[in-house]
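I have placed the structure first, in the form of structure tokens, so that the comments after it can refer back to it.
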Amino acid sequence: MIDMSDVHQTGRRERKKAATRTSILDAASELFLARGFDAVSVREIADKADVSPTTVFAHFPQKESLAFSDEDERHQQLVSAVSGRAPETSISDALKAHYLSEIAAFETEPQRQILALMEATPALGEYAERMWLRHEESLVAVITDEFGLADPTNAIRFYVRFALQIQLVASKDTDPRATIDAGFRLLDEGWLRLNVEETTP
């Protein structure tokens, strides 16, 4: 029999944990936007959120992750853009549409402020690139599974590596939409046409 007191206790702990996380994020965002990322210490964020620095690091492993709290959600959205696309939609078209939707989101507030903060802080830009490239293995796995292969081919690995780079280049360009178009045109007409392996995305 399920002990309902344990269920309520677990629910209470989860709600408290979520509230603490939100409080830390709100404090960090306010301080970062007001003074810049480098000028703010974790101690200051902890004080403003009324928690200890240890509690901050329990929720966020490093200072940079405070500026990218939605990375897990972005990871799932990227993978789902490929795995959940319509049958008649190619992998490239699905990724292109996803990239364009992300760019559109960064053109709205408060995402524009976050983007400005990244551009002003080299450490954040480097962290963002590392976080983006960590999607590689998941995308490779999804495409490999779609083609019914036991292991990924070199073509799949090359495809994913270059597809992820397209978004990184576009994010720094003055005309990101044109860059995405050019990037996928080159990828589709070049690498995919080579057909260097028994199958390509």
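Quick one: how many residues across segment 13-30 are among the β-branched types (V, I, T) and under 12 Å from I45 (Cβ atoms)?
Looking only at that region, the number is 1.
Filtered by the rule that a residue be more than 29 Å from A116 (Cβ to Cβ) and among the acidic types (D, E), segment 133-178 gives E137, D145, E146, D151.
Of all residues in segment 107-127, exactly one satisfies the criterion of being surrounded by 14 or more Cβ atoms within 10 Å (Cβ to Cβ) and outside any helix (DSSP H, G or I), namely T121.
Within segment 63-74, residues that are closer than 15 Å to S23 by Cα reach partners that are outside any helix (DSSP H, G or I) with beta carbons closer than 7 Å, at six or more positions or on different chains, in the pairs L66/F60; A67/F37. Considering every residue within segment 115-130, establish whether at least one is hydroxyl-bearing (S, T, Y) and more than 22 Å from S171 (Cβ to Cβ). Checked against the condition, which is being hydroxyl-bearing (S, T, Y) and more than 22 Å from S171 (Cβ to Cβ), segment 115-130 yields no hits at all. Looking at R161, R130, R177, can you tell me which residue is under 15 Å from F68 (Cα atoms) and surrounded by fewer than 17 Cβ atoms within 10 Å (Cβ to Cβ)? Selected residue: R130, the only one of R161, R130, R177 that is under 15 Å from F68 (Cα atoms) and surrounded by fewer than 17 Cβ atoms within 10 Å (Cβ to Cβ). For segment 128-145, filtering for residues that are more than 14 Å from the chain's Cα centre (by Cα) and either without any contact (Cβ under 8 Å) to a residue 60 or more places away in the chain or part of a loop (DSSP other than H, G, I, E, B) (or both) leaves 4.
Does segment 147-158 hold any residues that are in contact (Cβ under 8 Å) with a residue 12 or more places away in the chain and either open to solvent by 70 Å² or more (accessible area, probe 1.4 Å) or touching a Lys or Arg at 6+ places or on another chain (Cβ under 6 Å) (or both), and which are they? Before the answer, list the steps.
Keep residues of segment 147-158 that are in contact (Cβ under 8 Å) with a residue 12 or more places away in the chain, which gives 147, 149, 152-158.
Within segment 147-158, F147, N154, R157, F158 qualify.
With respect to the conditions (1) within 28 Å of T22 (Cβ to Cβ); (2) out of contact with any Gly (no Cβ under 6 Å at 6 or more places or on another chain); (3) touching a residue at least 12 places away in the same chain (Cβ under 8 Å), M118 falls short on a single one, namely (2).
The values are calculated or read from the model by the stated rules, or taken from the named source; none is laboratory data. Please read all numbers here as calculations on a predicted model, not as lab measurements. In this analysis, Cβ positions are derived from the backbone assuming ideal geometry, glycine residues included, and neighbour counts consider all displayed protein chains. The protein model used for the area step is the full one, side chains on, heavy atoms only, and it has no ligands, DNA or RNA in it. Shrake-Rupley method; radii C 1.70, N 1.55, O 1.52, S 1.80 Å.
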